Amino acid sequence: MAEINRAVKGTNDILPSDSHKWQFVEGKMLETAELYGFKEIRVPVFEHTEVFLRSVGDTTDVVQKEMYTFDDKGGRSITLRPELTAGVIRSSIENGLVNGALPVKVCYIGGCYRYEKPQAGRLREFHQFGVECMGAAAPSADAEVISLARQILCNLGIDDISLEINSIGCPECRKKYHAALKEYFTAKTDELCDTCKDRLERNPMRILDCKSPICSGIAADAPVVIDYLCDDCAEHFEGVKSHLSAAGIEYKINPHIVRGLDYYTRTVFEFVSGDIGAQSTVCGGGRYDGLISQMGGPSVPSLGFAMGIERLMLAINNKGVELPDAHTPDIYIAAMGENAALKATELCAVLRNDGLKAQTDICARGLKAQMKYANKIGAKFSMVLGDDEISSGKAKLKDMEKGNEREIALDEISEELGEEIRAKIFEQIAETL
């Protein structure tokens with residue numbers, strides 16, 4: 001019997017003590033993407049299975065081993081998204097985005113699902129931030145997308161990163177490369193896993209991405225795709241390198257990067273961090289010029305990247321990057337008696353309408369318990385209301401950190417509290433200078 005009080009293996013709860021960190025990181029990602037002209041898109045968490053078979057590729061580990069696929073009540077084959085690019089492209093075709101002004105620049109944040117062995121930074125439900133730039137063929141587009149990924153990572157304090165790039169060419173120049181791979185791996189067929197034996201005939205390039213230690217060891221000495229680039233692909237790759245240099249971005253060529261999805265063409269890249277151990281890739285992406293037409297849309301050259309947020313949070317934590325603290329209540333209003341409780345509710349409504357974070361007792365507790373709670377939740381200020389305060393229209397506002405108090409008028413509580421909070425902020429800023 002399933003344990004109803006335990007999360008499913010490979011999933012993780014994000015608790016209130018951590019959710020503000022995620023909100024900050026996600027906000028920084030969207031904010032940085034907007035500097036480059038990327039706008040957020042949101043797509044369904046599941047798609048028709050064919051969306052992923054046609055895009056990701058039926059010889060990839062993702063499709064063959066990792067997808068959560070099921071038949072719905074209408075007998076349709078449905079898959080929880082293992083990545084977001086395919087769904088974004090489906091949406092862009094269906095809604096005509098790629099028929100309008102190009103390039104189309106979109107970004108996204110969402111959960112993805114893959115059935116694989118859970119480990120640090122890799123879960124069965126994980127979250128990605130990513131971008132897709134549709135309608136840009138020039139090498140400068142590759143450099144811009146890479147620059148955006150780098151700036152996001154640096155803005156989050158993950159600056160101990162290295163950029164690795166490669167070109168896997170186009171379908172035409174890959175024909176020669178596939179022939180070379182097939183010849184190389186055929187001589188070692190007996191050593192390959194059963195999955196890779198099947199790939200040998202259908203798509204030998206996927207053997208390079210096999211997670212089996214034996215297959216990975218064999219693949220290490222395989223021919224590299226960069227030696228088989230056609231003139232156009234070689235020229236494009238040189239252009240990418242030139243634009244990266246112009247942007248002041250250091251890189252190294254890693255001829256073994258192929259990425260794990262079939263839709264990539266030409267430029268592929270990864271950002272590697274030394275702060276998260278074995279799962280060192282914090283961002284990966286590349287160009288996929290044929291994907292939109294492959295999925296039934298027009299021929300529109302495109303590219304993008306995705307970064308796993310769990311891995312980013314792990315890198316941020318391991319590096320000791322300080323994220324902003326969670327927002328705490330501006331004021332807690334403690335009440336003594338029913339009339340005071342009604343007045344506290346009224347004052348909280350006024351304060352919240354003015355954008356201030358206010359709380360009062362909703363558990364019918366005594367005054368001592370209320371003040372203890374105010375201290376636990378980190379309220380900046382507190383106020384005690386009783387019959388005397390309601391009668392006089394005044395109450396004492398207490399600074400919970402310093403302990404000092406001053407009397408304020410209840411009918412001017414928003415103005416008075418706002419003034420106190422601004423003074424507190426300026427004081428904190430002065431202390432850091």
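Note on the chain: GNM, Cα springs under 10 Å; of Ala395, Ala138, Ala326, the largest mean-square fluctuation is that of Ala395. Here, region 331-425 has an Rg and a Dmax of 12.0, 34 Å when only alpha carbons are counted. Neighbour counts of other Cβ atoms within 10 Å put Asp71, Asp262 in the fewest-to-most order Asp71, Asp262. With springs only between Cα atoms under 10 Å apart, run a GNM on the chain and tell me which of Val300, Val321, Val282 wobbles the most. Greatest mean-square fluctuation among the candidates belongs to Val321.
In whole angstrom, region 1-127 maps to an equivalent ellipsoid with semi-axes of 26, 23, 13, each derived as √(5λ) from the alpha carbon gyration tensor and ordered largest first.
When you filter the GluC sites (Glu not before Pro) in region 300-351 for DSSP loop state and at most 12 other Cβ atoms inside 10 Å of their Cβ, you are left with Glu322. Structural descriptor for the chain: relative contact order 15 percent, calculated from alpha carbon pairs under 8 angstrom and at least 6 residues apart. Listed by chain and number, the lysines whose alpha-carbon sits under 28 Å from that of Lys357, ignoring those within fewer than 8 places in the same chain, are Lys21, Lys28, Lys343, Lys368, Lys372, Lys376, Lys380, Lys394, Lys396, Lys398, Lys402, Lys424. Calculated translational diffusion coefficient of the chain (20 °C, 1.002 mPa s; Stokes-Einstein with Kirkwood radius over alpha-carbon pairs) equals 85 µm²/s. Overall, region 331-425 carries a charge dipole of about 600 debye about its Cα centre when +1 sits on the Cβ of Lys and Arg and -1 on the Cβ of Asp and Glu, all other atoms neutral.
Taking the helices alone, the chain has a mean residue ellipticity at 222 nm of -12000 deg cm²/dmol, built from -39,500 (n - 2.57) per DSSP H run of at least 4 residues and averaged over all its residues. Summary value for region 79-154: 29 percent relative contact order, contacts being C-alpha pairs under 8 angstrom separated by 6+ residues.
Cα centroid separation, region 124-174 to region 1-52: 19 Å.
So what's the angle, to the nearest 10 degrees on a 0 to 90 scale, between helix 16-35 and the longest Cα principal axis of the chain? Computed tilt is about 60 degrees. On a 0 to 90 degree scale, rounded to 10, what angle separates helix 171-186 from the longest Cα axis of the chain? So the inclination is approximately 80 degrees.
Can you find, among Val104, Pro118, Ile333, the residue sitting farthest towards the positive end of the charge dipole of the chain, where Lys and Arg contribute +1 and Asp and Glu -1 at Cβ? So the residue we want is Pro118.
Please determine, in degrees from 0 to 90 and to the nearest 10, the orientation of helix 85-94 with respect to the longest principal axis defined by the Cα atoms of the chain, where the helix direction is its Cα long axis. It is inclined by approximately 90 degrees.
The local environment of Arg365, defined by Cβ-Cβ distances under 13 Å, has a net charge of +2 under the rule Lys, Arg +1 and Asp, Glu -1.
Bear in mind these aren't lab numbers, they're just calculated from the coordinates by the rules spelled out. Computed from a predicted structure; not experimentally measured. Positions of Cβ are backbone-derived with ideal geometry, glycine not excepted, and every protein chain shown enters the neighbour counts.
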